[in-house]
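To keep things clear, I will list the structure first and then write my remarks on it.
The values are calculated or read from the model by the stated rules, or taken from the named source; none is laboratory data. Note that the structure is predicted; figures quoted are calculated from it, not measured. Note that each Cβ is placed from the backbone with ideal geometry, even for glycine, and that neighbours are counted across all protein chains shown.
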Amino acid sequence: MKRFTWPLQRLLGVTIQRQRALRAELFRLSRELARVRQEIVRRKATLRAMLSDLGDEEFQVRLPRQQVVLSCSAAAEKEMKKLQVQLGALEQHRKELTDQFVKVKAKRESLERLREEAYQRYLKDLSRLEQKQLDDSAQIAFARKLLRRGVPAAN
């Protein structure tokens, strides 16, 4: 009997590749999310440190520097808001990719299940064919044995 071939094997292979690509993209996106979050935390800490250092200064030194720090903090706040928007967009993209990944994973699992069912049918058919060949061989051997004994074969 011929080797087991499954007509949807190529589709399964492509689906597995898509799942791997989506997984890699999700990992890359997670690293990007972590980087943006870390950047936001770093900027907030820097801003807090600047304001804390300013609060520790004497009044005569603090007053001229306060104007500069406040204008810098306003710009830093704008940048952090931009980073928050970027973070939201990245999280939305990750959610979409996760949904897509789950669908591709479910498709892969169903294709693998179908392949396994087809393989089990193939093995069952192969077993039946082998059993039929064994039965035919046994019948032929029995008929030859009867003919050697001189017993006429019944039709």
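When you scan the stretch 114-125, do you find a residue that is among the polar types (S, T, N, Q), exposed (fewer than 11 other Cβ atoms within 10 Å of the Cβ) and either touching a Gly at 6+ places or on another chain (Cβ under 8 Å) or at pLDDT 95 or above (or both), even just one?
From the stretch 114-125, those among the polar types (S, T, N, Q) are 120; that's our starting set.
Those still in the list that are exposed (fewer than 11 other Cβ atoms within 10 Å of the Cβ) too: 120.
Still in the running and either touching a Gly at 6+ places or on another chain (Cβ under 8 Å) or at pLDDT 95 or above (or both): 120.
Taking every residue of the stretch 114-125 in turn, at least one turns out to be among the polar types (S, T, N, Q), exposed (fewer than 11 other Cβ atoms within 10 Å of the Cβ) and either touching a Gly at 6+ places or on another chain (Cβ under 8 Å) or at pLDDT 95 or above (or both).
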Original post:
Of all residues in the stretch 82-97, which are exposed (fewer than 13 other Cβ atoms within 10 Å of the Cβ) and farther than 18 Å from Arg35 by Cα?
Top reply: Glu96
**OP:** Could you please find all residues in the stretch 1-43 being basic (Lys, Arg) and out of contact with any helix residue (DSSP H, G or I) (no Cβ under 7 Å at 6 or more places or on another chain)?
**Re:** Lys2, Arg3, Arg10, Arg20, Arg28, Arg31, Arg35, Arg42
Subject >> Scope the stretch 12-40; condition more than 30 Å from Ala76 (Cα to Cα) and of a type in the set (Gly, Ala, Ser); matching residues >> reply: Gly13, Ala21, Ala24
**OP:** Pick out the one residue from Leu33, Leu70 that is in a helix (DSSP H, G or I), touching a Lys or Arg at 6+ places or on another chain (Cβ under 7 Å) and more than 30 Å from Phe4 (Cβ to Cβ).
**Re:** Leu33
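Report, by residue number, each residue of the stretch 36-58 that is assigned to a helix (DSSP H, G or I) and either surrounded by 12 or more Cβ atoms within 10 Å (Cβ to Cβ) or in contact (Cβ under 8 Å) with a residue 24 or more places away in the chain (or both).
The answer is Val36, Arg37, Glu39, Ile40, Arg43, Lys44, Thr46, Leu47, Met50, Leu51, Asp53, Leu54.
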